[in-house]
Amino acid sequence: MNRRKFVLNTALTSIGGLLGINYLKGNNSLEAHLKSSVNGGIMLDNPTIISTWRFGIAANDAAYEVLSKGGNALDAVEAGVKVPEADLNNTSVGRAGYPDRDGKVTLDACIMDKDGNAGSVAFIQHIAHPISVARAVMEKTPHVMLVGDGALQFALENGFKKEELLTENAKKAWEEWKKKNNYTPPIGPNNHDTIGMLAIDKEGNISGACTTSGLAFKMHGRVGDSPIIGAGMYADNNVGGAAATGLGEAVIKVAGSFLVVEAMRNGRTPQEACEMAVHRIVEKQKNYKDIQVGFIALNKHGERGAYSIVKGFQYAFHQKGENKVYDSDYHLKE
Ligand code: SD4
């Protein structure tokens with residue numbers, strides 16, 4: 001598609017959105033519109049990256065490093081989320097993540113590429129970069145998801161190193177928690193900081209990644225939304241992508257990220273789609289006032305959205321050379 005056509009289409013989409021007209025229906029759907037463009041992708045002026053939380057800034061920088069050299073979105077999201085995975089100050093992703101209630105660090109991650117391929121690992125221990133194991137599952141096996149010891153075995157067979165991921169600091173926090181909580185798994189609004197990331201490269205293709213140590217002090221064996229394709233993250237190159245953070249149990253029950261992407265496919269803006277998904281959780285989840293869930297979304301035009309149940313969800317957005325943290329809007333106003 002030439003630039004004039006792109007500008008015209010973007011303008012029509014925005015006008016439709018402004019007027020509240022759901023013009024993106026049937027053959028005029030966003031999906032059909034995007035399919036007719038080059039490679040199913042739209043050439044953005046600049047690569048675009050969105051990720052969850054304030055620590056998304058450093059992750060976005062690493063992803064942009066890849067994209068600015070002409071790298072693809074898949075390499076970018078993997079490189080991006082590896083930053084918080086390695087960060088010793090980050091107690092909710094990868095190494096130094098808080099353990100489960102038995103003192104074991106168990107990690108969840110997933111990744112999707114522009115062709116809809118997906119890879120995932122859940123309940124994996126001793127591997128510092130679960131996102132790269134998820135990518136290896138996608139690229140080297142006929143499967144989508146490996147869990148627990150099987151995931152570890154696969155990782156070791158593929159050259160990943162077995163390491164102790166529990167830091168002294170995380171161990172201390174666990175010991176303190178044990179004293180106070182008598183092993184009851186927590187579900188409060190402040191106990192989650194997963195990184196989910198979506199990136200669009202120079203070719204206009206989207207990929208996504210999500211990685212976490214999950215809910216701190218969870219039951220041993222508990223798996224959240226983050227490694228579940230369509231819950232913690234989903235990307236469709238005809239439409240866009242979404243990722244979730246917060247209480248995974250609530251996200252899984254509404255297939256949250258898939259819900260957001262399908263809403264965009266049917267004509268909602270990324271912001272409207274995130275709000276609809278949060279409202280779905282609010283409708284279904286009786287204790288919604290006691291939990292937090294946040295969604296980010298990015299469509300193939302490079303437009304973004306973010307919304308959460310309660311105040312405090314932030315995300316990092318990198319576009320046109322600017323990488324900034326934003327406060328998301330939220331449902332539960334005081
Ligand atoms: C989970 N969604 O495991 C994740 C929690 C989170 O840092 O956001 N963790 O439920």
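The values are calculated or read from the model by the stated rules, or taken from the named source; none is laboratory data. Since the model is a prediction, treat every value here as computed from it, not as a measurement. Please note: Cβ atoms are built from the backbone with ideal geometry, for glycine as well, and neighbour counts cover all protein chains shown. The accessibility values were calculated without ligands, DNA or RNA, using every heavy atom of the protein model including side chains. Shrake-Rupley method; radii C 1.70, N 1.55, O 1.52, S 1.80 Å.
Out of 145, 112, 138, report the one residue that is open to solvent by 10 Å² or more (accessible area, probe 1.4 Å) and closer than 19 Å to residue 244 by Cα.
Working: 112 fails: open to solvent by 10 Å² or more (accessible area, probe 1.4 Å); 138 fails: closer than 19 Å to residue 244 by Cα.
Just a single option satisfies the conditions, and that option is 145.
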Conditions: (1) within 14 Å of the ligand (Cβ to nearest atom); (2) in a helix (DSSP H, G or I). Residue 62 meets all but one. Number of the miss?
(1)
Any idea which of (1) closer than 23 Å to residue 315 by Cα; (2) of a type in the set (Val, Ile, Thr); (3) at pLDDT below 95 is the one residue 21 doesn't satisfy?
(1)
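Being within 21 Å of residue 54 (Cα to Cα) and among the charged types (D, E, K, R) is true for just one of 82, 179, 104. Which residue is that?
Numbers: 179 fails: within 21 Å of residue 54 (Cα to Cα); 104 fails: within 21 Å of residue 54 (Cα to Cα).
One residue alone meets the criteria, 82.
Having 2 or more residues that are buried (at least 20 other Cβ atoms within 10 Å of the Cβ) and free of Cβ contacts under 8 Å to residues at least 24 places away in the same chain is the bar; report the strands (runs of 3 or more DSSP E) wholly within region 224-321 that clear it. Explain how you work it out, then say what you get.
Numbers: elements: 233-236, 240-246, 293-299, 304-308, 314-319.
Result: empty, no element qualifies.
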Against the definition (under 14 Å from the mean Cα position of the chain (by Cα), away from the ligand (no atom under 15 Å from the Cβ) and at pLDDT 95 or above), how does residue 265 come out, yes or no?
no
Taking region 196-240 on its own, how many of its residues are among the polar types (S, T, N, Q) and either within 9 Å of the chain's Cα centre (by Cα) or within 14 Å of the ligand (Cβ to nearest atom) (or both)?
4
Just need a number here: residues in region 115-131 that are hydroxyl-bearing (Ser, Thr, Tyr) and surrounded by fewer than 24 Cβ atoms within 10 Å (Cβ to Cβ).
0
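From the list 74, 88, which residue is open to solvent by 10 Å² or more (accessible area, probe 1.4 Å) and modelled with pLDDT under 95?
After applying the criteria, what remains is 88.
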Can you go through 255, 277, 297 and tell me which one is on the phi > 0 side of the Ramachandran plot and small (Gly, Ala, Ser)?
255
